[in-house]
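Structure first, commentary second.
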Amino acid sequence: EVAVARDIVLAKMTGARLHVAHVSTRGSLELIRRAKDEGVAVTCETCPHYFTLTDDDVRSYDTNLRVNPPLRGSDDVAAIKEALSDGTIDAIASDHAPHSLEEKQVEFDEAPPGMIGLETLLPLTLTHLVEPGTITLDRAVELMSTDPASILGLPHGSIAAGEPADVTVFDPDWGWEIAEDWFASRSSNSPFVGRRVKGRVILTVS
């Protein structure tokens, strides 16, 4: 939160654009919300593990739960969901960080931070945000496609003649269980293995 406050002050002083990655605390969101109200050019994103897991989960010492920034408390998780609902958070990122089994099979504080997230991004968002009514399906699509493209100034996230054909086709009602042998990634460092989710990608076009 100190780093977020510092960067917001610098952005306000210089007129620079600021993007805050992996927002995980209520305090950071309050700072960002206030900065946006003051007209500071700030955007931010969060990741699925920050609205699905808490620091209580780390009691298992599963090294797949070691992420940076670390998992927070239930109050912070609630704040993340509120900020997704009210538009304070501009995008949802996967924070895809593959690591080998050997790298992760060490003491918790010795393990490299990160989990794979690209393949679980959609189902976790649909299951934990859309299904409970925190955000709409249309808003979920925006948070994972058009809005990130807009933040980066990239010509993606739309279907139009002459534009890049980057399309994901998915079934929002497909219920299934995340399994290690399902991942296309060569890594399987995910704490969500065994979890029941809803929504599955059928194909991608690029």
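The values are calculated or read from the model by the stated rules, or taken from the named source; none is laboratory data. Since this is a predicted model, take the numbers as computed values, not measurements. Backbone-built Cβ (ideal geometry, glycine too); neighbour counts: all protein chains shown. To get the accessible areas, we keep the full protein, side chains included, count just its heavy atoms, and leave off ligands, DNA and RNA. Shrake-Rupley method; radii C 1.70, N 1.55, O 1.52, S 1.80 Å.
Taking first residues from the range 127-148 that are crowded, with 18+ Cβ neighbours inside 10 Å and basic (Lys, Arg) and partners that are part of a helix (DSSP H, G or I) and at pLDDT 95 or above, no Cβ contact under 8 Å between residues at least 6 apart in sequence or on separate chains turns up. Residue pairs whose Cβ atoms lie under 7 Å apart, sitting 6 or more positions apart in sequence or on different chains, and linking a residue in the range 37-62 that is farther than 21 Å from Ala21 by Cβ and in contact (Cβ under 8 Å) with a residue 12 or more places away in the chain to a partner that is open to solvent by 20 Å² or more (accessible area, probe 1.4 Å) and assigned to a helix (DSSP H, G or I), are Tyr61/Phe108.
Restricting Ala78, Ala16 to those that are under 19 Å from the mean Cα position of the chain (by Cα) and either modelled with pLDDT of 95 or more or in a loop (DSSP other than H, G, I, E, B) (or both) reduces the list to Ala78. Every listed requirement among (1) more than 23 Å from Arg139 (Cβ to Cβ); (2) more than 21 Å from the chain's Cα centre (by Cα); (3) in a helix (DSSP H, G or I) is met by Asp57 save one, (2). Of all residues in the range 104-126, those being without any contact (Cβ under 8 Å) to a residue 60 or more places away in the chain and surrounded by 14 or more Cβ atoms within 10 Å (Cβ to Cβ) number 3. Evaluation of Asn189 against the conditions (1) out of contact with any helix residue (DSSP H, G or I) (no Cβ under 6 Å at 6 or more places or on another chain); (2) assigned to a loop (DSSP other than H, G, I, E, B) shows that the sole unmet condition is (1).
Leu18 meets each of the listed conditions (1) loosely packed, with under 15 Cβ neighbours inside 10 Å; (2) over 28 Å from Val130 (Cβ atoms) apart from (1).
Report yes if Ile151 is surrounded by fewer than 20 Cβ atoms within 10 Å (Cβ to Cβ), assigned to a helix (DSSP H, G or I) and in contact with a strand residue (DSSP E or B) (Cβ under 8 Å, 6 or more places away or on another chain), otherwise no. Don't jump to the end; show me each part of the working.
Details: surrounded by fewer than 20 Cβ atoms within 10 Å (Cβ to Cβ): yes; assigned to a helix (DSSP H, G or I): yes; in contact with a strand residue (DSSP E or B) (Cβ under 8 Å, 6 or more places away or on another chain): yes.
So Ile151 fits the description; yes.
When you scan the range 180-206, how many residues do you find that are within 20 Å of the chain's Cα centre (by Cα) and either surrounded by 13 or more Cβ atoms within 10 Å (Cβ to Cβ) or under 17 Å from Leu118 (Cβ atoms) (or both)? Walk me through it before giving the result.
Within the range 180-206, the subset within 20 Å of the chain's Cα centre (by Cα) is 183-185, 187-201, 204.
Filter again for either surrounded by 13 or more Cβ atoms within 10 Å (Cβ to Cβ) or under 17 Å from Leu118 (Cβ atoms) (or both), leaving 183-185, 187-193, 195, 197-201, 204.
Here the count works out to 17.
Do we have Ser85 as in a helix (DSSP H, G or I) and buried (at least 20 other Cβ atoms within 10 Å of the Cβ) here? Spelling it out, it is not the case that Ser85 is in a helix (DSSP H, G or I) and buried (at least 20 other Cβ atoms within 10 Å of the Cβ). Which residues, taken from the range 192-205, are at positive phi and not in a strand (DSSP E or B)? Gly194, the sole residue that qualifies.
Evaluate the following for Leu18: is it under 26 Å from Gly117 (Cβ atoms) and not charged (D, E, K, R)? Even if it seems obvious, please write down each step before you answer.
Values: under 26 Å from Gly117 (Cβ atoms): yes; not charged (D, E, K, R): yes.
Judged against the criteria, Leu18 is a match.
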